[in-house]
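The values are calculated or read from the model by the stated rules, or taken from the named source; none is laboratory data. No experiment lies behind these values; they were computed from the predicted model shown. Quick reminder, even Gly has a Cβ in these numbers, built from the backbone with ideal geometry, and neighbours come from all protein chains shown.
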Amino acid sequence: MRVQSDTGQEEFVGLTFIHRLCGDPAAPLIVMVHGRAGSAQVMWAFDRTLPEHANVVSFQAFLPDVLGGFSWWDMASERPLEPAIMLARDRFHFAFERYLELFSLQPRKTIAIGFSQGSVLLSAAVLTGSLRLDGLGVLAGFVSKVGEQRLIEGRPEVFVAHGDADEVLSVDKARKGVERLTSFGLKVTYIEEPGVGHKLGIQGMRGLKEWLLRVLA
């Protein structure tokens with residue numbers, strides 16, 4: 001059963017979240033990060049791809065967006081984006097660590113899945129050494145280039161899925177992201193789905209489920 005955080009938990013962690021715990025503190029942890037104008041709820045659209053034996057948490061961004069929902073940084077701002085992405089990275093990392101502490105979780109594997117803006121945030125965290133993962137999912141998004149990029153801890157496997165008809169983020173961004181990730185020596189599974197816009201299609205959902213099962217095996 002999915003449970004939304006209460007006020008006290010949100011104050012401790014620093015972000016609103018919705019999670020589902022399987023009862024095993026050492027079970028794999030899947031972290032979901034929504035895109036622009038999203039919420040902690042929207043990422044549960046991927047619920048059918050998630051293994052039942054994992055603990056799962058979806059975090060909500062901290063900035064109300066003019067489009068509705070919440071975002072990790074203000075896309076309408078004229079200020080440089082890099083400081084805003086780094087701030088979001090730090091706030092997310094803080095919340096992630098406090099979440100583990102709050103629920104006494106010691107996951108044997110951790111996978112994070114980001115959609116659109118959420119994938120930019122996660123790739124920035126991973127490639128600047130802020131976040132150590134066993135797997136990274138980049139869904140209808142792209143790989144961040146901000147900060148001093150390095151992979152100082154771990155070599156996460158990566159799943160990238162993008163529609164070639166994406167009207168929000170061009171598929172070229174996904175292709176270039178795959179090239180960057182492989183240049184770091186990472187193993188990348190890439191699905192490019194014909195005729196799919198800014199979402200995950202049938203092939204992407206099936207591929208994500210298979211990838212999660214394999215990485216968590």
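Quick notes on this structure:
- Scanning the stretch 192-217 for residues that are outside any helix (DSSP H, G or I), more than 16 Å from the chain's Cα centre (by Cα) and under 15 Å from L50 (Cα atoms) yields a single hit, A217.
- The residues of the stretch 130-144 that are crowded, with 24+ Cβ neighbours inside 10 Å and at pLDDT 95 or above, listed by number, are L136, G137, V138, L139, A140, G141.
- Considering G147, G185, G195, G114, the condition of being crowded, with 24+ Cβ neighbours inside 10 Å and not acidic (D, E) is satisfied by G114 alone.
- Scan of the stretch 76-93 for residues that are among the charged types (D, E, K, R) and part of a loop (DSSP other than H, G, I, E, B), ordered by number: E78, R79
- Within the stretch 60-77, not a single residue is acidic (D, E) and out of contact with any strand residue (DSSP E or B) (no Cβ under 7 Å at 6 or more places or on another chain).
- In the stretch 94-104 there is at least one residue that is modelled with pLDDT of 95 or more, on the phi < 0 side of the Ramachandran plot and not in a helix (DSSP H, G or I).
- Residue within the stretch 73-82 that is among the hydroxyl-bearing types (S, T, Y) and either in contact (Cβ under 8 Å) with a residue 24 or more places away in the chain or closer than 19 Å to H19 by Cβ (or both) present: no
- With respect to the conditions (1) over 21 Å from L21 (Cα atoms); (2) without any contact (Cβ under 8 Å) to a residue 24 or more places away in the chain, L133 falls short on a single one, namely (1).
- Matching residues in the stretch 83-100 - criterion: being among the acidic types (D, E) and without any contact (Cβ under 8 Å) to a residue 24 or more places away in the chain: E97
- Test for D47: is it assigned to a loop (DSSP other than H, G, I, E, B), surrounded by fewer than 22 Cβ atoms within 10 Å (Cβ to Cβ) and modelled with pLDDT of 95 or more: no
- Test: L121 is touching a residue at least 40 places away in the same chain (Cβ under 8 Å), of a type outside the set (S, T, Y) and part of a helix (DSSP H, G or I): yes
- The single condition from (1) surrounded by 15 or more Cβ atoms within 10 Å (Cβ to Cβ); (2) within 20 Å of S119 (Cα to Cα); (3) among the small types (G, A, S) that A27 fails is (2).
- Selected residue (criterion: nearest to A37 (Cα to Cα)) from residues of the stretch 124-144 that are outside any loop (DSSP other than H, G, I, E, B) and not β-branched (V, I, T): L139
- Residues within the stretch 165-182 that are surrounded by fewer than 16 Cβ atoms within 10 Å (Cβ to Cβ), part of a loop (DSSP other than H, G, I, E, B) and not hydroxyl-bearing (S, T, Y), tallied: 3
- Criterion: buried (at least 21 other Cβ atoms within 10 Å of the Cβ), out of contact with any strand residue (DSSP E or B) (no Cβ under 7 Å at 6 or more places or on another chain) and touching a residue at least 40 places away in the same chain (Cβ under 8 Å) - qualifying residue of L208, L213, L127: L127
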